[in-house]
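One structure below.
The values are calculated or read from the model by the stated rules, or taken from the named source; none is laboratory data. Note that the structure is a prediction, hence the values are computed from the model and not measured. Neighbour counts are summed over all protein chains in view; Cβ atoms, including those assigned to glycine, are modelled from backbone coordinates with ideal geometry. To get the accessible areas, we keep the full protein, side chains included, count just its heavy atoms, and leave off ligands, DNA and RNA. Shrake-Rupley method; radii C 1.70, N 1.55, O 1.52, S 1.80 Å.
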Amino acid sequence: MADSDGEYASDDELKRNGKRTADGRSKQTKASWEDVKRSWDTVLETADSGLSLAEIREAEKRRRLLRDTTPLQRGIIRHLMLVLDMSFAMADKDLLPNRYRVVLNNAIGFVREYFEQNPISQLGIVGMRDGIAVRISDLSGNPAEHIEKLMQWSEQQDPQGNPSLQNALQMCRGALYQTPSHATREVLIIYGALVSIDPGDIHDTINDLVADRIRVSVVGLAGQVAICSELCKRTNNHDGNYSVAVDEVHLKELFFAATTPPVTRTPEQNTASLLMMGFPSRTLAPKDHVSFCACHAKPTREGYTCPRCGIKVCRLPIDCPICKLTLIQSTHLARSYHHLFPLKVFVEVPWSQAYRSTACYSCLTPFPARPRDSVAAAPAVLGGRAGAKGSGKQQDGEQKNPKPELKGVSESGRYACQVCGNHFCIDCDVFAHETIHNCPGCQSDTRDLEKDTAVAVPDGGPTPMVMDS
């Protein structure tokens, strides 16, 4: 074996890796470990119909959008308990810097996304460590409080002890027991250990969860556990929601999948009921007049007045501390409405239909030009054996180097709305489905509005004024 400085080498290695100079000394050559093959540089668009990095990234974006958009009955008022494993298993470093830090960072992002998608819902956080369940934050609709508590735990506490799945479920059951029947009761567990130190029979706890109609979902970090699989199946009507993350990206996808409200399948949940809500008005007192809010008992000048009892609260949405009336704004209902009627998936536009647009309808980004090989018409079939032979060679060439297909990726870079037919780029497609949940083309279409507002002018009546152009 060659030495690290390259001075000594055997004859066999010199024959393979290096050459001798005129004075007999070996010539310094590159070591084998220095020839690093970077796989991410080999994926290029070539004449052999390879895939470019842009196409792979576009396929990844479209993969998140290709889901079932069938309108289903869902519970838009949710009560979710987030259970985080804080045991010794979270100190493992298969996720850098360790599982504990990665899970807490994803939990902070999950809290923001959860209240962005479900503004009239509530959330509570529970931890598992030292064989007991610890309450990190109470069930509330204020994301700032949950994020502040998670940051404090991230800075002050380290993972230790054993987890107790039964104690965590009992604490979640106690917190969700007093929630109204019209709202969903859910538990999301991030479980990193393969053991659970329970004080009793966990199957009795599972029976209590089924009786209270509490749904449990589990995201594993180490491996699949039998009791977690049984827990998810029994609490979700034999439709288990138990997954194991393979890497950090997959963990985030499974984490954020819980932001979508679950489908109501049981007959008890399908029963429609009316819910009374209040839409308070914002008030601002003069500088010399400061009053306490009923929710936090803090002196404030501005707030929202309950339309039923007249008490002041500082933030919305919230349940009135006095009369228990749900206080929200109209925008909160609008942001929760898209779960019931999701935006349809945009379809891919082939080159044969790409002539209709040259730029994205939303951001006006120019679309890629049509390549020459697709512009050229199909070769004419020549008469006789020569034409058949030529076409046969072309077919053999096409079958020899077939271009790999990516599911959901448009060859023209255009994606069309199924309602208005406008073409959009991939970035606007993702933005419309994940952020605004509306099609910009459908929202800007005023043809139906013009028909509704058109007024017939009677004979002899005044004619509408015409503006000079």
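Structure values in brief
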quantity: Long-range amide H partners of residue 326 with built H, under 5 Å; calculated: 278, 320
quantity: Cα gyration tensor category, rounded, prolate or oblate, for segment 63-174 with a/c compared to 1.5; calculated: prolate
quantity: Per-peptide average of other Cβ atoms within 10 Å, ordering 307-318, 167-178 highest first; calculated: 167-178, 307-318
quantity: Quotient of Cα Rg and 2.2 N^0.38 Å for segment 175-236, N being how many residues it contains; calculated: 1.16
quantity: Set of segment 144-166 residues, backbone N closer than 12 Å to the point 7 Å along the Cα-Cβ line of residue 315; calculated: 144-149
quantity: 15 Å beta-carbon shell around residue 144, net charge (K/R +1, D/E -1); calculated: -1
quantity: Principal axis dimensions, segment 190-307 - Cα atoms, whole angstrom, descending; calculated: 62, 37, 32
quantity: Whole-number accessible area per residue in Å² for segment 191-305, which is evaluated in the context of all protein chains at 1.4 Å; calculated: 58 Å²
quantity: Amide H within-cut-off set for residue 359, under 5 Å, with H built and near neighbours excluded; calculated: 367
quantity: In range of the label at residue 300: residues from segment 328-354 whose backbone nitrogen is under 20 Å from the point 7 Å along Cα→Cβ; calculated: 328-333
quantity: Mean accessible surface per residue for segment 99-151, computed with a 1.4 Å probe while every protein chain stays in place, in Å²; calculated: 32 Å²
quantity: Net charge of neighbours whose Cβ lies under 10 Å from the Cβ of residue 232, counting Lys and Arg as +1 and Asp and Glu as -1; calculated: +1
quantity: Normalised per residue, the volume of the convex hull around the Cα set of segment 114-252 (Å³); calculated: 124 Å³
quantity: Label point distance in nm, residue 113-residue 234, each placed 7 Å from Cα along Cα→Cβ; calculated: 3.0 nm
quantity: Positive-end residue, segment 72-196 charge dipole about Cα centroid, Cβ charges, pick of 164, 182, 194; calculated: 182
quantity: Check: segment 135-290 dipole with +1 on Lys, Arg Cβ and -1 on Asp, Glu Cβ, in debye; calculated: 480 debye
quantity: Gain upon complete extension [residue 436, residue 195; 0.36 nm per residue less C-alpha separation]; calculated: 82.6 nm
